[in-house]
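A quick write-up on the structure given underneath.
A short reminder: the numbers here are calculations on the coordinates, not readings from a lab. These numbers come from a predicted model, not from an experiment.
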């Protein structure tokens, strides 16, 4: 598995292509590529920046807004084909986005809207052989943020993803996996084909009512079932990127080099203990 630097660890303190050097200096073998920034350069320039730092590309956040109004979605969609082609050309045919677990619309209406939009996205991405991962969000406060609960369980999001396109699967985030009550068996049932990308963060041992999305721990510091999580990923043969995505934990208040270093070290130590490569 490719341990990859997620831009959230850096925050607004650096942008591409500096992110590649920061990943290298912290000891990451991979880096998530912020495609909107990267596309200001040529494909060859981006590939050179990745290679010069001894890295491989991890994943790319879907560069369009699927959660707002129709006008915004359609405007963004117009540029997706170029982004998909760019992603494939730099050797990163994986994009991912998150799906809110509550909505203003009732379940059936929200499902119809999201399916229509994501199916359009998947169709465009498929032309460049790019896969899309959908992230399910498990915490109670997100599920209750709007009047109507939406998809938040792993098996339900997997079924939804399959309806959206053959190139659609899951962005599996360990923190949300834990708070959604998902299991290693859910990962095994999903299989390698449907796990597009993986995020890592640990969870505090607190009641569901106290959980906040911006209060996470570094991998190995909390109560996530890492043996089951990584064991299932290993069993299905997942070998793509795993990116620590840790909000809070004081990382933004630390010097940049320290924040990236301890993030890499915590994930590396955990994976070494579990004999994950």
Given the -39500 (n - 2.57) contribution per DSSP H run of 4+ residues, what per-residue ellipticity at 222 nm results for the chain, rounded to the nearest 500 deg cm²/dmol? -12500 deg cm²/dmol
Using alpha-carbon positions, what is the distance between the centroids of segment 22-78 and segment 195-247, in Å? 22
Length-normalised contact order of the chain, Cα under 8 Å, at least 6 apart, in percent, tallies to 21
Once the cut-off is 21 Å, how many percent of the Cα-Cα pairs in segment 1-134 end up in the long-distance tail? 44
Fraction of alpha-carbon pairs over 16 Å apart in segment 195-277 - percent: 54
Taking a ≥ b ≥ c as the square roots of the Cα gyration tensor eigenvalues, with a/c under 1.5 meaning rounded and otherwise prolate when a/b beats b/c, else oblate, which class fits segment 238-277? prolate
DSSP beta bridges in the chain [antiparallel fraction, %, rounded to 5]: 10
For segment 125-237, percent of DSSP beta bridges that are antiparallel (nearest 5) comes out at 10
